[in-house]
Structure formats: structure tokens, C-alpha cells
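Let me begin by presenting the structure, written as C-alpha cells, before commenting on it.
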Amino acid sequence: MNEVPGLLWIRRIAWLVPRSRRSSWCREWEAELTWAWRRMSGRGEPGWWGRLRLQLRAWSSLTDALWERGETMTMTGWTQDLRLALRSLIRHRAFALVSILTLGLGIGINTTVFTLVDGVLLRPLPFPESEELISLQHEGRESDDQLPISTGLYQLYRDQARTIEEIGLYTTNQVNLIVDGRPERIEVQFVTPSFFTTLGVSPEVGRAFTEEEGLPGAGNYILLSHAFWRDAWGGDPGIIGQSIEVSGNVAEVVGVMPRGFGFPEPGARLWLNLQVDPENAPLSNFSADGVARMTDGSSIEAVVGEVGGLVDRMEEFFPESGAVTFLRGVGIAPVVVPMKEAIVGDVSTTLWVLLGTVGFVLLIACANVANLLLVRAESRQREMALRSAVGAGRGDIVRWFMSESLILSAAGAIIGVGIAVAAIRLTLRFVPNDLPRMAEIGLDVRVLAFTAVLTVGSALFFGLFPLTRFGSGHLSDRLREGGARGATEGASRHLLRNGLVVTQMALALVLLIGSGLMFRSFQALRALDPGFDPEGVVTAQIAIPGSVMEEPAQVLNFYREAQERILALPGVQAVSYSAAAPLVRGWSYSTMESEDHPRGEDELPVFGAWNHVGGDPTGALGLRILEGRQLDWRDGADGNRSMMISRTMKELWWPDESPIGRRMRFAMGGEPQEWYTIVGVVENAAQNSLQETPREMVYWPLTVGHADAFQIMRNVVLAVRTTGEPVALVPGIRDIVQTLSPSTPLANVQTLEEAMDRATSRTSFTMTLLGSASGIALLLGLVGIYGVISYIVSQRTREIGVRLALGATGTSVRNMVVRQGLVLASIGMVVGLGAAWAMRSVMGALLFGVSATDPLTWGGLSGILVLTAVAASWLPAWRASRVDPAGALRAE
Amino acid sequence: MGRLFSLTYPTAVVLMAIRHGHRYGFDVMDATGLPDGTVYPILRRLERRGVLEGVWEDEEIARADQRPARRYYRLTAVGEEALGDVLERFPTIGRLFEPGTA
């Protein structure tokens with residue numbers, strides 16, 4: 001970031017300055033900031049502290065701008081009060097500092113979490129009229145089967161649906177590309193020309209795909225992402241019209257998309273034209289995702305109704321298709337959701353819970369400040385009574401107190417924004433990788449507006465408490481009393497302060513329980529058996545298109561040769577290839593059948609996950625054989641037609657007998673598939689997440705078909721297990737792969753342990769945030785209880801003195817004081833448990849493997865709360881027991 | 001003669017800073033240690049009363065340095081005269097800007 005900090009601010013507030021002086025004013029400030037920034041940069045990359053100082057200096061231009069406007073010239077009313085309040089706060093530095101830091105912490109973490117909530121949940125998607133965009137997918141068997149959208153259905157909706165203005169298909173893939181002489185595997189999307197019109201985005205340079213380019217036989221065309229254009233071609237517009245080779249096919253570059261464009265997320269480096277035959281689009285190939293734009297005035301319900309009606313009439317539109325029976329069988333139904341919801345997914349609950357959490361922390365912080373203000377209010381009663389006696393009205397008194405609150409709050413906000421800037425940077429580094437829309441997160445005017453509302457709201461909230469001390473009737477009495485403490489005023493005062501402390505304790509307990517439950521979920525997730533052994537395994541994706549090795553036999557030789565050579569690297573124990581790998585690359589689904597269990601007329605087909613494996617999958621991935629043996633190079637098109645199945649698959653069809661020797665095959669309709677003999681049963685392995693219920697899975701060999709004309713998986717995950725550090729093997733593996741096939745890159749290199757971390761990242765992220773929030777809450781709550789008990793002790797010094805003089809022991813006095821803390825904490829605990837009970841269903845949505853009312857968590861944390869509260873009361877109690885009776889009595 | 005401006009301590013410090021060669025807004029902030037928000041309003045007020053004069057730096061110099069031109073402040077004749085008042089009222093103020101103490 002080379003932008004000078006604060007320039008934007010100067011431009012924003014320049015409108016305050018009278019027009020005649022504005023440009024000169026702006027020029028002067030910009031010049032000073034630029035000069036200071038350059039001087040700072042001259043000494044190396046400026047740190048956050050330097051940036052912050054410059055930013056603060058830029059903010060101070062506000063007083064200058066206001067001066068120019070002539071506003072600071074008249075110091076009356078509010079400004080006068082603010083000035084007085086500022087002076088008084090400077091006099092009471094310790095009080096001001098504690099309050100400001102407390103508020104800064106509260107406002108800071110609220111700003112941070114709101115930045116996430118705003119960027120991910122609230123802000124509209126970055127496309128024109130994005131509220132009209134919908135995701136159009138399908139499901140079968142009441143959401144058991146996820147079927148995105150087939151080209152046939154796409155064409156059907158495009159032709160028939162009136163509620164849909166335009167619909168586009170996209171599918172994300174990876175291709176090999178030679179960039180700067182090095183093979184690279186990059187993310188691309190195949191999209192229909194309508195994809196861009198649906199989103200309403202046009203290329204920045206060149207043109208988009210034409211309708212003709214979306215028809216079969218049109219040739220290959222490319223749109224580049226802005227970043228890829230800049231990185232690989234230095235932003236040269238001359239690239240338009242040139243041809244590049246993508247996975248062995250030549251394609252012509254026709255345009256460059258605008259900076260930051262990507263759908264559903266930025267990521268694709270280029271787009272290729274997806275070709276659909278409008279006359280003969282197959283109903284059955286559910287390989288793409290659909291994005292659609294509703295017509296003006298249409299609604300989700302209307303789209304569901306119309307599209308559902310079209311699906312019901314499938315036979316009419318696809319009279320020849322064998323897939324109709326299957327789709328009827330699974331009860332296919334359209335799933336239409338607003339695009340934003342589809343992209344954001346289930347992360348919204350997590351974020352709202354986090355926002356609620358930090359809201360609690362702010363409440364606790366406000367309660368602390370309110371308590372401090374109450375103490376100050378006590379000491380200012382006489383002053384206020386005097387002012388009132390000389391004619392200050394209630395309004396004046398409100399203003400005096402509110403100016404103080406506003407200054408505290410505003411100073412807290414400045415610190416809070418500073419905290420937020422740092423915290424957002426930190427959060428973005430540790431945020432779970434499945435959090436959507438990360439590119440859109442940042443501190444901006446919307447967030448600052450939220451912070452401003454929070455600031456004023458907090459000031460009003462805690463500023464009101466001291467006012468309760470100055471009901472109009474009281475003041476003259478107070479003057480008469482000369483500020484002496486009446487016996488009766490104690491009750492209401494203590495009630496208020498105790499109420500605040502009880503609230504703090506209750507809120508802190510709710511947060512403690514929340515973070516405790518998240519911790520238990522994290523433990524439960526970590527304790528799950530993923531069905532494979534992630535330790536010491538590195539994985540990489542390899543793709544060998546036909547343009548690189550035409551014959552499947554060549555590919556097979558490549559796999560076997562690479563396996564041999566990698567096994568010779570030091571420390572390597574096993575090598576495997578597979579079409580999918582647990583938590584690394586998703587599995588495909590298909591219908592299957594077994595010879596023993598022919599499907600009945602009214603029975604739904606079994607929809608299982610399938611994989612192809614070769615090499616040594618149990619050795620490399622750590623899959624566990626429960627029965628029989630694993631697949632190896634003996635199996636496949638060239639040898640035995642063998643397969644392995646998962647435990648769930650065995651339990652489905654052969655619950656009480658051994659499936660070894662039984663036969664299964666794909667049941668896709670259309671041409672008959674071949675039977676494969678089961679040779680082994682393996683433990684269920686996690687596919688996409690650790691939490692999911694295990695599906696029925698089968699493992700086919702890497703090669704399928706007949707020995708003389710077989711097919712081989714050309715796009716595989718290579719897994720290597722080692723006794724040493726797996727990442728250290730990568731250069732060796734890359735050398736071997738590229739010696740054998742120079743144009744084949746290793747893509748998505750990662751260890752299985754990284755994949756495991758990612759699978760638990762959302763839980764660990766929520767846990768960390770909730771944990772920090774509840775830690776802060778507990779700390780603030782303890783400061784609160786400490787403050788209140790100390791105050792009570794100071795008010796009762798005389799009484800304690802009398803007690804001691806009459807023969808009470810230090811221990812009994814100490815116990816008496818600690819008991820007060822204990823009572824407050826216990827009431828807080830009961831209220832907190834009630835609140836946590838009320839919120840158990842919200843929390844339950846985030847948990848795994850632990851009940852939202854887990855007695856161990858609830859009991860343990862309640863105990864911790866009460867114990868720490870007792871500890872916090874102990875110090876003032878100890879002081880009370882040391883009161884010198886004579887001194888205390890004399891003092892009055 | 002009535003004073004042209006109210007001679008508060010911050011005003012005095014700003015005048016002395018400029019007298020000692022800290023002529024740009026940010027330099028004055030750095031040299032005086034006054035809160036950032038107070039320096040510019042003081043400069044503006046003094047300029048408007050004719051105690052200071054704000055002058056744009058030579059464009060050529062700024063361009064050679066590849067940055068925007070800065071605006072610097074210098075004492076007018078009135079300002080030089082006012083310094084007498086400053087020293088009378090705050091006799092030790094000059095020490096703030098002696099080498100090694102700023």
C-alpha cells in the first residue's frame with residue numbers, strides 16, 4: 001500500500017472549509033502529509049505506528065477545517081461544555097484513561113467483527129442490481145443428492161422460463177498452461193456467453209463471448225482476469241487477438257475482465273467459452289453451476305414455481321432421454337436461493353453470534369464506565385448542587401455530564417478504530433479459508449458510521465447512570481446537607497451499582513459458556529477418526545491431458561515409473577494416486593447397484609461416492625483395510641476387475657456377511673457397465689468435512705475398460721507418505737514428475753495435516769474469537785466487581801472501624817466483605833445461567849459433538865466465575881480487615 | 001496599543017518555533033509538541049491578524065523533489081515586534097528551541 005495515509009480524509013472533510021479557501025487548504029494539508037510520508041518511507045517501509053501517527057495528524061485537520069469555517073470561534077453551549085469536560089478529564093487522568101481504554105477495547109472489537117459482518121453478510125454482491133441474482137441448482141431425495149444444473153435444464157429454462165431474464169452456466173476447473181516457459185496449473189472457469197450478461201459485467205478491454213461462441217464447434221476463446229493479464233502480459237492490450245495454448249488446445253484471447261471480477265469469488269485467472277448445443281443439450285450431465293437473473297418484479301417463489309413446473313414436464317421436453325426416469329426416481333426439485341445467500345452459506349450464524357458476543361463485551365465495558373462515573377458523580381454532588389443553586393437547569397446538568405461521556409466515548413472510539421485496524425489485519429490472516437467474500441472485507445465509511453453510532457449510543461448509555469444521582473428534588477437537599485452522606489441514600493445507590501455488577505457477571509458467564517462449548521466442539525472435532533492417517537503425507541494434483549500423452553498406456557507407465565522413483569527418495573514409505581482424496585479433492589457421485597440386490601420397481605437407486613485409486617492407497621493415505629486386501633497395479637483394465645467398498649456400503653447391502661467376492665457396477669442407465677468384484681472393505685474416510693455423515697463409497701482401479709482399449713484417470717491426486725518432513729520432499733517429487741513429463745506441473749501442493757487444520761478452521765476461528773471475547777469480558781467483569789467492593793469498603797470504613805473496635809476480628813471483617821462479592825457473583829451466575837439457557841438454540845447451531853447445555857462446561861465455568869469474583873473481592877476485604885479502628889473513627 | 005491577538009502559551013510557542021526556523025505546519029507540530037489539532041488554528045489566526053505570512057514554496061523545487069509544493073510561514077514585521085511581548089510574558093520560552101532540548 002503506497003497511498004499516503006490520511007489523504008482520503010483530507011479530501012473528504014475539505015467541504016467543511018469555505019469554498020474560497022478550500023483548494024489552498026487542501027493543497028497545504030496534502031503537501032504536508034505527502035512530505036511527511038515520503039520522509040518516513042525514505043527510512044524504510046513505515047511501520048503501523050508511523051502510519052497511525054500520520055493518520056492521527058490527518059484527523060487533527062478537522063479542528064483546522066472547523067476553524068476555517070469559523071465554528072470554533074464561538075464557544076458557547078455544547079462547545080463550552082465539551083471544553084470544560086475535557087479539562088476536568090485531564091485533571092482526573094487515571095479515571096479517564098481506564099474508561100477510555102475499556103471503551104476502546106469494546107468499540108475496537110465491535111468494529112472488527114462488524115467489518116466482517118458487513119463485508120460478508122450485509123454488503124450487496126459487487127454486481128449491478130445484485131439482488132436479482134439467484135443461484136439455480138437442484139436436489140434429489142430431499143436434499144440427500146446435490147445436482148447442480150445440467151446443460152439440458154439450462155437450455156430448457158433459458159427457452160421457457162419467463163421469470164428468468166437470463167441464465168448462465170459456469171464450471172470451475174484447473175488447466176495446465178505454460179507461463180514464462182514454466183508449466184503452471186491455474187484455475188479457470190468454463191462459462192456460457194450468457195454468464196457475463198447475467199451478471200451484468202462487461203470486459204474492461206476487448207469484448208465478451210458472443211452467442212455464436214457458445215455453440216458447438218465455435219473454437220476456443222479466452223477472457224483474461226485483470227490480475228493474470230497484468231502478471232503474465234504486463235497489462236499489454238496487444239494480447240487481444242493472440243492465441244495461447246491451454247491444456248493442449250489453442251484459444252484466442254478476446255478480452256480482459258475488470259479488476260477484481262470473479263464469480264462466485266475472485267479466483268479464476270481466465271474464462272473459456274463453454275459450448276452448449278441448444279438442440280441437443282443432454283438432460284443428464286449435471287456438471288455446471290447455474291446463476292440466473294430474475295426479471296423485474298419477479299420473486300424467488302415465482303421462479304421456484306415456474307421452474308418446478310418445467311421440471312414436472314421433463315418427459316415432454318426430453319422425450320428421448322434415459323435420464324428422466326432416474327431424475328424422477330430421486331424426486332428432482334429445483335433449489336433457488338438469492339445468490340448472496342448461496343455464496344455466504346451457513347457462515348452467517350457464526351458471524352451473528354460473534355457480533356452478539358462482542359456486543360456483550362461492549363455492554364460490560366459500558367457498565368464498568370458507568371460504575372466509574374457513578375463514583376465520580378458522588379464526589380461532584382456538592383458542585384452540582386451549587387451550580388443548580390445559582391440557576392443551572394436540569395438541561396445544563398445533563399449537558400455537563402453528557403459532554404464528559406461523549407468525550408470519553410469519542411476518545412475510546414479513536415483507540416477502538418486503531419485496535420480494529422490492527423485486529424482486522426490479524427483476523428484476515430487467520431480467518432477460516434471457507435469464509436466467503438474475504439476480498440470485500442475492509443474498514444470503510446459504512447463501518448466507521450457503525451462505529452460512530454456505537455460511540456454515541458455507548459455515551460448515552462453509560463452517561464445516563466450518573467444522572468440518576470441528580471434528580472431535581474435532590475439537589476437543594478444535598479446543598480443543605482453539605483454533602484454529608486445521608487443514611488437513606490445508600491440503598492438506591494448500591495442497588496444501581498450492584499445491578500451493574502450483576503449484569504456484568506451474567507454477561508461474562510454467557511460468553512464464558514459460549515467459548516467453553518466452542519472449545520469442547522473443537523476437541524470433539526479433533527478427536528474424530530477421519531478414517532485416514534494425515535501425519536507425514538503431502539499431496540499434489542497432477543493432470544496429464546491427451547495432448548501431452550495420447551495413449552492411456554503412456555500415462556499408466558508414467559504413474560508407475562514416478563511411483564518407483566519417488567519411493568527411492570529418502571524417508572518415503574508409500575505413494576498413491578487417486579481421483580479424489582479426503583479433505584483435499586471432492587468425490588464424485590453416481591448411482592450404483594450390486595448383483596445381489598437388484599433394484600425393485602419403486603425403490604430409489606443407491607447414490608454413492610466413487611473414487612479411483614492406484615499405487616498404495618492404504619500406505620500413502622492411511623486408509624484402513626477392514627477386510628480383504630487393497631487395490632494395486634494388478635487390478636484394473638489390464639488385470640482383475642476388482643474394487644474396494646467403504647464400511648457404510650458394506651453395511652447397506654451386506655450387514656451380516658462378507659462382501660468379498662460379490663460384484664457391483666455403476667447404474668447410469670444407457671449402456672450397460674461392467675461388473676467389478678469386491679476384494680476389500682475400508683474404513684469410512686472423511687470426504688469434504690469431518691462432521692459429515694459418512695456416505696456409501698466405492699473405490700475403482702485407476703484404469704477401467706477393456707485391456708486393449710482402456711481408459712485411465714488423467715487428473716489425479718498424488719499422495720506421498722514419509723517418515724520425515726513431508727514438505728521437504730516436494731522439490732524431489734517435482735523433479736521426478738518433470739523429468740518424466742516436462743510440461744506437467746504439481747498443483748495445490750499441501751499436506752494432509754494442513755487439510756485437517758482447514759477442516760477445523762471455522763471451529764477454531766470461532767473458538768479463538770469467542771475465547772478472546774470472553775476473556776476480556778471476564779477481566780472487565782472482575783475489574784467491575786473489584787471496583788464495587790473497594791468502593792463499598794471505602795464507604796463503610798467507619799462502620800468497619802466500629803466493628804473492629806467492638807472486638808470483631810480481622811478474619812470476620814474479611815469474610816463479611818468477601819461474602820458481599822460472593823453474593824453479587826452468585827446472583828450474576830444465576831442470571832447468566834438463565835440467559836445462557838435462553839440462548840442455547842443459537843449456540844447449538846455452531847456446536848459439534850457437545851450439547852449446548854453440557855453440564856460439565858456450565859458447571860465448571862460457573863465455578864470459575866464465582867471463584868475469580870471471590871478472589872477479586874479479597875484484596876479490598878484484606879484492606880478492610882487492616883482498618884485502624886481509632887483512625888477510622890477520628891476521620892469522621 | 002491593544003494586542004492583536006491573545007497571547008496564550010501555545011500561541012507563544014508557535015511564534016517562537018517559527019522564529020527558530022520551523023516554518024511548516026508539521027514542523028511546528030513536531031518542534032512544539034503541542035496537540036496536533038491546535039497548531040493549525042493558531043497559524044491561521046496569526047496569519048489573519050498579519051502576524052505571520054503564509055507563502056507557497058517554489059514549484060520548481062517541489063517538482064524536482066517529485067512532491068507537491070508546501071506552504072511555509074514567516075514572521076511579518078508585526079510578528080517580529082510581537083516577539084518582544086512573547087519574551088516579556090514567557091521569559092524562558094526560548095530555551096525550548098535551544099539545540100539539544102527540542
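Assorted remarks:
- Restricting the stretch A:632-650 to residues that are assigned to a strand (DSSP E or B) and over 41 Å from the mean Cα position of the chain (by Cα), the residue that is farthest from A:VAL698 (Cα to Cα): A:ASN640
- Cβ separations smaller than 9 Å between residues 6+ apart or across chains give the following pairs from the stretch A:45-59 residues that are within 14 Å of chain B (Cβ to nearest Cβ) to residues that are of a type in the set (Gly, Ala, Ser) and outside any helix (DSSP H, G or I): A:LEU54/A:GLY6; A:GLN55/A:GLY6; A:LEU56/A:GLY6; A:ARG57/A:GLY6; A:ALA58/A:GLY6; A:TRP59/A:GLY6.
- Test: residue in the stretch A:602-618 that is of a type in the set (Phe, Trp, Tyr) and either more than 30 Å from A:GLU139 (Cβ to Cβ) or surrounded by fewer than 17 Cβ atoms within 10 Å (Cβ to Cβ) (or both): no
- Selection of first residues in the stretch A:695-708 that are under 13 Å from A:GLY639 (Cβ atoms) and of second residues that are among the charged types (D, E, K, R) and outside any loop (DSSP other than H, G, I, E, B), restricted to Cβ pairs under 7 Å at least 6 apart or on distinct chains, gives the following pairs, ordered by first then second residue: A:PRO701/A:ASP635.
- Residue that is farthest from the other protein chains (Cβ to nearest Cβ) [pool: residues in the stretch B:10-47 that are closer than 21 Å to A:ILE10 by Cβ and basic (Lys, Arg)]: B:ARG23
- Filtered by the rule that a residue be within 14 Å of chain A (Cβ to nearest Cβ) and touching a helix residue (DSSP H, G or I) at 6+ places or on another chain (Cβ under 7 Å), the stretch B:54-102 gives B:GLY54, B:ARG67, B:PRO68, B:ALA69, B:ARG70, B:ARG71, B:TYR73.
- Residue in the stretch B:46-55 that is assigned to a helix (DSSP H, G or I) and either modelled with pLDDT of 90 or more or under 12 Å from the mean Cα position of the chain (by Cα) (or both) present: yes
- Taking every residue in the stretch A:315-326 that is touching a residue at least 12 places away in the same chain (Cβ under 8 Å) and in the same structural domain as A:ASN285 (by TED's automatic domain parsing) and pairing it with any residue that is surrounded by 11 or more Cβ atoms within 10 Å (Cβ to Cβ) and hydroxyl-bearing (Ser, Thr, Tyr), at least 6 positions away or on another chain, the pairs with Cβ-Cβ distances below 6 Å are A:ALA323/A:SER284.
- Taking residues in the stretch A:12-36 that are closer than 16 Å to B:PRO68 by Cα and facing another protein chain (nearest Cβ under 7 Å), and partners anywhere that are small (Gly, Ala, Ser) and part of a helix (DSSP H, G or I), the pairs with Cβ atoms closer than 8 Å and at least 6 places apart or on different chains are A:GLU28/B:GLY25; A:ALA31/B:ALA62; A:GLU32/B:GLY25.
- Going through (1) more than 30 Å from A:LEU435 (Cβ to Cβ); (2) part of a helix (DSSP H, G or I) one by one, A:GLU279 falls short only on (2).
- Residue match in the stretch A:619-631 (condition: outside any loop (DSSP other than H, G, I, E, B), crowded, with 23+ Cβ neighbours inside 10 Å and modelled with pLDDT of 85 or more): yes
- Within the stretch A:172-218, if we keep just the residues that are assigned to a strand (DSSP E or B), of a type outside the set (D, E, K, R) and in contact with a Leu (Cβ under 7 Å, 6 or more places away or on another chain), the residue that is surrounded by the most Cβ atoms within 10 Å (Cβ to Cβ) turns out to be A:VAL191.
- Residues being touching a strand residue (DSSP E or B) at 6+ places or on another chain (Cβ under 8 Å) and among the β-branched types (Val, Ile, Thr) - total across the stretch A:734-774: 4
- When the stretch A:61-104 is limited to residues that are charged (D, E, K, R) and surrounded by 15 or more Cβ atoms within 10 Å (Cβ to Cβ), the one that is modelled with the lowest pLDDT turns out to be A:ASP81.
- Among (1) surrounded by fewer than 16 Cβ atoms within 10 Å (Cβ to Cβ); (2) touching a Lys or Arg at 6+ places or on another chain (Cβ under 9 Å); (3) within 23 Å of A:GLY457 (Cα to Cα) - the single one A:TRP15 does not satisfy: (3)
- Within the stretch A:1-118, helices (runs of 4 or more DSSP H) holding 3 or more residues that are within 37 Å of the chain's Cα centre (by Cα): A:7-13, A:19-41, A:48-59, A:93-117
- Candidate set: the stretch A:690-743, residues that are among the basic types (Lys, Arg) and in contact with a Pro (Cβ under 9 Å, 6 or more places away or on another chain); chosen: the one nearest to A:SER247 (Cα to Cα): A:ARG714
- Residues satisfying the stated conditions in the stretch A:817-853, i.e. outside any helix (DSSP H, G or I) and either touching a residue at least 60 places away in the same chain (Cβ under 8 Å) or within 17 Å of A:ILE789 (Cα to Cα) (or both): A:MET839, A:ALA845, A:LEU846, A:LEU847, A:PHE848, A:GLY849, A:VAL850, A:ALA852
- Close pairs from the stretch A:498-509: first hydroxyl-bearing (Ser, Thr, Tyr), partner surrounded by fewer than 23 Cβ atoms within 10 Å (Cβ to Cβ), Cβ under 8 Å, at least 6 apart: A:THR503/A:LEU363; A:THR503/A:VAL831
- Looking across the stretch A:765-801, the residues that are more than 30 Å from A:SER515 (Cβ to Cβ) and either touching a helix residue (DSSP H, G or I) at 6+ places or on another chain (Cβ under 6 Å) or buried (at least 22 other Cβ atoms within 10 Å of the Cβ) (or both) come down to A:VAL793, A:THR797, A:ARG798, A:ILE800, A:GLY801.
The values are calculated or read from the model by the stated rules, or taken from the named source; none is laboratory data. Predicted model only: the values in this text are computed from it and were never measured. Cβ: placed from backbone, ideal geometry, glycine included. Neighbour counts: every protein chain shown.
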